[in-house]
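Peer 1: Here it is, the structure, as structure tokens.
The values are calculated or read from the model by the stated rules, or taken from the named source; none is laboratory data. All values derive from a computational prediction rather than experimental measurement. In this analysis, Cβ positions are derived from the backbone assuming ideal geometry, glycine residues included, and neighbour counts consider all displayed protein chains. With ligands, DNA and RNA removed, areas are computed over all heavy atoms of the protein, side chains included. Shrake-Rupley method; radii C 1.70, N 1.55, O 1.52, S 1.80 Å.
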Amino acid sequence: MKNLFAGGRTQAAVAPSLPVARRRFRFSSLMQVPYIPMFIIVVFMIVAVFGSVFSPYDPGLPNLRSTYRPPFWQEGGSTNFLLGTDNLGRDMFSRLILGARVSLIVIAVGIPGHIAIGVTLGLISGYMGRGVDTLIQRVVDVYLAFPTILLALALIPVLGPGMKSILIIIIVTGWAGYARIIRAEVLSVKSRDFVALAKVAGASELRIMLNHILPQVVNTILVISTLQVGSVIIFEASLSFLGIGTQPPLSSWGQILSDGRQFVSTAWWIAFFPGICIVLLCLSANLLGDWVRDKLDPRLRQL
Amino acid sequence: MANYIIRRIFFGFISMFAVVTVVFFLGRTGVDPVSLFVPIDARADDVEYVRKRLGLDKPVYVQYGVYLSGIVQGDFGKSMRWGSPVQEVAFPRLLATLQLVWLSGIIILGVAIPVGVYSAVYRGKAFDTFGKAFALFGQSAPTFWIGLMLIILFAVVWHVLPAGGRGDFRNLILPAFTLGIFGMAAITRLTRSSMLNVLDSDFVKMLRAKGVPERTVLWRHALKNAALPVLTLAGLQMVGLMLGAVVTETVFSWPGLGRLAVEAVFARDYAMVQFIVLMGSFLFITVNLVVDVLYAYLDPRIRYT
């Protein structure tokens, strides 16, 4: 009886209801490699990149002879339109594929954007120290304290709605977390011997930062960015849902959802499927992020 | 302690000043500021009239001075869309939002704390796994989608709750719950991990050894000690709620501040947007301050210099 042995060592005598270590271990070992999330993300990327190949119809083309078709398994639906059509007769499946592309663009521009700003400032702040550090960290304080959706609302009238504004907003709102965490990492790395040796060898500050310190914090960057993917997607979807994000003919998942909002009583599928896509992708990204974190940098647990 | 509070208030002022400045200059860079206040198809002489009336024909630093002195005197500008001072339009909307946030806060704490506590007690069991799945889902599903799905279920399929609008208590249930889901997930996770730490400590073992009933151990002794980080997060979540309100209010057509902000963006009413952003930041900074001070007050081990 393995479980008796494992659970009985210290705590069972005191309180039988206490958690047993063996159980937790089994659960986490089940989750060791997140194959399903990985699979979902790979499928998502393939669909987003080669979308037009799979897409049975032009996602932006209205077809007024076939509006409000339900998904194929429901009465009145047909396999011509797998997931049904919307109020203008556009094929939901094709629109969702286009939406995947929009989400991928948002991730592919947003996350590197965050890294570019956040990591640069974090490196400078941690390595330079003193006045520069204080200044940068105060700015980061204000940024972290400032609610992102408010900043977005303040920026939208100035930038005007559209894909470009969304990308700008996502980049300017999301970098502060990187700067904070990378700075802390740099602080611990820069006191190590190899940095001092590099300095003695006459390496320039820039060279030390880029060639010696940056490689030490790459793991952390990787962990933060995988964990950020979900929130970036949801942020874009929220803005598009509010109508201040992507504009037609482009269709992001948030925007399709927003269209479907008017038809929830007659055509539930318009709002349902884009949401499922968002949930699946974010869930996968978060699970993958947890796994990457546990593998690479367990100290970031509290993130 | 007093020093700490004074310093925090001082920094609060600085942050607020920074926000005011940034928001002001955002509206003055890149675009012609008048275009933020008039419809796109406005006639040229109307545009000039608005420019004069808003004082936008003066140099930027003069405008900035006028704006600052207005704020100090409680004058935040006039809404172009609603035709009256922005705060007069915004305050009734703020009350509607607070009504929602208040109920949402109760739902969050009422669900998250018991679930978090029992997840810690039954760590690794089915209940914990379920709690974990719920939290993960709550953090991965967009609020507006959950809201729409709840509308489909409760209003369209079962006809038990109204789909939106403001009326009696039944109108509040769905939006308040929707608004609470994200916070619920976060607070459940934190309560769980905080309780796990406390349950592992010597004093809990001591209490149990003494034969104190499990219920008393959990709810009177352990939870009290686990409450600190939860309190901090709950304070921050309250403000997070006000922001989540922007989306939730749109889903349920709730006439709150968040909805107003979106309406103002569409109506190109920059004075209103400006005011809402300022008010949101003010609330955020104030709650942060109160939570920090409360934290220091509740936990004497924390010393501030």
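Peer 1: On the basis of being at the interface with another protein chain (Cβ under 9 Å from one of its Cβ atoms) and either buried (at least 22 other Cβ atoms within 10 Å of the Cβ) or among the hydroxyl-bearing types (Ser, Thr, Tyr) (or both), does residue A:224 make the cut?
Peer 2: Values: at the interface with another protein chain (Cβ under 9 Å from one of its Cβ atoms): no; either buried (at least 22 other Cβ atoms within 10 Å of the Cβ) or among the hydroxyl-bearing types (Ser, Thr, Tyr) (or both): yes.
Judged against the criteria, residue A:224 is not a match.
Peer 1: Next question. Find the residue count for the range A:249-270, including only residues that are surrounded by fewer than 24 Cβ atoms within 10 Å (Cβ to Cβ), in contact (Cβ under 8 Å) with a residue 12 or more places away in the chain, in a helix (DSSP H, G or I) and of a type in the set (A, V, I, L, M, F, W, C).
Peer 2: Residues that pass the stated criteria total 2.
Peer 1: Check whether at least one residue in the range B:157-170 is within 14 Å of another protein chain (Cβ to nearest Cβ), in a helix (DSSP H, G or I) and more than 20 Å from the chain's Cα centre (by Cα), and report yes or no.
Peer 2: Yes: the range B:157-170 contains one or more residues that are within 14 Å of another protein chain (Cβ to nearest Cβ), in a helix (DSSP H, G or I) and more than 20 Å from the chain's Cα centre (by Cα).
Peer 1: Kindly provide the set of residues from the range B:102-138 that are within 14 Å of chain A (Cβ to nearest Cβ) and hydrophobic (A, V, I, L, M, F, W, C), ordered by number.
Peer 2: Residues satisfying the conditions are B:117, B:120, B:121, B:126, B:127, B:130, B:133, B:134, B:135, B:136, B:137.
Peer 1: May I pose another question? Hey, could you check the range A:243-292 for residues that are within 11 Å of chain B (Cβ to nearest Cβ) and among the aromatic types (Phe, Trp, Tyr) and say which is nearest to residue A:168 (Cα to Cα)?
Peer 2: Only one residue tops the list, namely A:253.
Peer 1: Sticking with this structure for a sec: Being loosely packed, with under 14 Cβ neighbours inside 10 Å and either out of contact with any His (no Cβ under 6 Å at 6 or more places or on another chain) or touching a residue at least 12 places away in the same chain (Cβ under 8 Å) (or both) is true for just one of B:28, B:93, B:7, B:51. Which residue is that?
Peer 2: B:7
Peer 1: Moving on to the next point. For residue B:246, state whether it is surrounded by fewer than 24 Cβ atoms within 10 Å (Cβ to Cβ) and either touching a strand residue (DSSP E or B) at 6+ places or on another chain (Cβ under 6 Å) or more than 22 Å from residue B:113 (Cα to Cα) (or both).
Peer 2: Values: surrounded by fewer than 24 Cβ atoms within 10 Å (Cβ to Cβ): no; either touching a strand residue (DSSP E or B) at 6+ places or on another chain (Cβ under 6 Å) or more than 22 Å from residue B:113 (Cα to Cα) (or both): yes.
Taking the combined requirement at face value, the residue does not satisfy it.
Peer 1: To continue, here is another question. Listed residues B:49, B:64; which is part of a helix (DSSP H, G or I), over 25 Å from the mean Cα position of the chain (by Cα) and under 23 Å from residue A:156 (Cα atoms)?
Peer 2: Details: B:49 fails: under 23 Å from residue A:156 (Cα atoms).
Just one listed residue meets the conditions, B:64.
Peer 1: Residues that are open to solvent by less than 10 Å² (accessible area, probe 1.4 Å), farther than 22 Å from residue B:275 by Cα and in contact with a helix residue (DSSP H, G or I) (Cβ under 9 Å, 6 or more places away or on another chain): find the helices (runs of 4 or more DSSP H) completely inside the range A:125-198 holding 3 or more of those. I'd like the intermediate steps shown before the answer.
Peer 2: Numbers: elements: A:130-145, A:148-159, A:163-174, A:176-190.
In the range A:125-198, A:176-190 are the helices (runs of 4 or more DSSP H) which contain 3 or more residues that are open to solvent by less than 10 Å² (accessible area, probe 1.4 Å), farther than 22 Å from residue B:275 by Cα and in contact with a helix residue (DSSP H, G or I) (Cβ under 9 Å, 6 or more places away or on another chain).
Peer 1: Can you find a residue in the range B:36-58 that is among the β-branched types (Val, Ile, Thr), out of contact with any Asp or Glu (no Cβ under 8 Å at 6 or more places or on another chain) and within 23 Å of residue B:280 (Cβ to Cβ)? Break it down stepwise before answering.
Peer 2: The initial filter retains those residues of the range B:36-58 that are among the β-branched types (Val, Ile, Thr), namely B:38, B:40, B:47, B:50.
With out of contact with any Asp or Glu (no Cβ under 8 Å at 6 or more places or on another chain) added as a condition, the list becomes B:40, B:47, B:50.
Checking the rest, the ones that are also within 23 Å of residue B:280 (Cβ to Cβ) come to none.
Looking through the range B:36-58, none of the residues is among the β-branched types (Val, Ile, Thr), out of contact with any Asp or Glu (no Cβ under 8 Å at 6 or more places or on another chain) and within 23 Å of residue B:280 (Cβ to Cβ).
Peer 1: Considering only residues of the range A:227-238 that are in contact (Cβ under 8 Å) with a residue 60 or more places away in the chain and over 14 Å from residue A:99 (Cβ atoms), which is nearest to the other protein chains (Cβ to nearest Cβ)?
Peer 2: A:238
Peer 1: Check the range B:290-305 and report whether any residue there is surrounded by fewer than 17 Cβ atoms within 10 Å (Cβ to Cβ), at pLDDT 80 or above and farther than 20 Å from residue B:180 by Cα.
Peer 2: yes
Peer 1: Return the total of residues in the range B:97-155 being within 28 Å of residue B:167 (Cβ to Cβ) and either assigned to a helix (DSSP H, G or I) or acidic (Asp, Glu) (or both).
Peer 2: Selection size over the range B:97-155: 30.
Peer 1: Something else about it: Report yes if some residue within the range B:269-287 is open to solvent by less than 10 Å² (accessible area, probe 1.4 Å), within 29 Å of residue B:173 (Cβ to Cβ) and of a type outside the set (A, V, I, L, M, F, W, C); otherwise report no.
Peer 2: no
Peer 1: Test residue A:252 against the stated conditions and say whether it is polar (S, T, N, Q) and farther than 26 Å from residue A:226 by Cβ.
Peer 2: Working: polar (S, T, N, Q): yes; farther than 26 Å from residue A:226 by Cβ: no.
Considered against the rule, which asks whether it is polar (S, T, N, Q) and farther than 26 Å from residue A:226 by Cβ, residue A:252 comes out as no.
Peer 1: Now for a different question. How many residues does the range B:147-156 hold that are at the interface with chain A (Cβ under 9 Å from one of its Cβ atoms) and out of contact with any Phe, Trp or Tyr (no Cβ under 9 Å at 6 or more places or on another chain)?
Peer 2: Taking the range B:147-156 and keeping what is at the interface with chain A (Cβ under 9 Å from one of its Cβ atoms), we get B:148-149, B:151-152, B:155-156.
Next, from what is left, pick out any that are out of contact with any Phe, Trp or Tyr (no Cβ under 9 Å at 6 or more places or on another chain): B:155.
Looking only at that region, the number is 1.
Peer 1: Go through (1) more than 9 Å from every other protein chain (Cβ to nearest Cβ); (2) surrounded by fewer than 18 Cβ atoms within 10 Å (Cβ to Cβ); (3) within 24 Å of residue A:46 (Cβ to Cβ) for residue A:298 and report which single condition fails.
Peer 2: Against the list (1) more than 9 Å from every other protein chain (Cβ to nearest Cβ); (2) surrounded by fewer than 18 Cβ atoms within 10 Å (Cβ to Cβ); (3) within 24 Å of residue A:46 (Cβ to Cβ), residue A:298 comes up short only on (3).
Results for (1) more than 14 Å from the chain's Cα centre (by Cα); (2) farther than 30 Å from residue B:161 by Cα; (3) away from chain A (no Cβ under 11 Å); (4) modelled with pLDDT of 85 or more, shown as yes or no for each residue.
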residue: B:184; (1), (2), (3), (4): no, no, yes, yes
residue: B:198; (1), (2), (3), (4): yes, yes, yes, yes
residue: B:229; (1), (2), (3), (4): yes, yes, no, no
residue: B:234; (1), (2), (3), (4): no, no, yes, no
residue: B:242; (1), (2), (3), (4): no, no, no, no
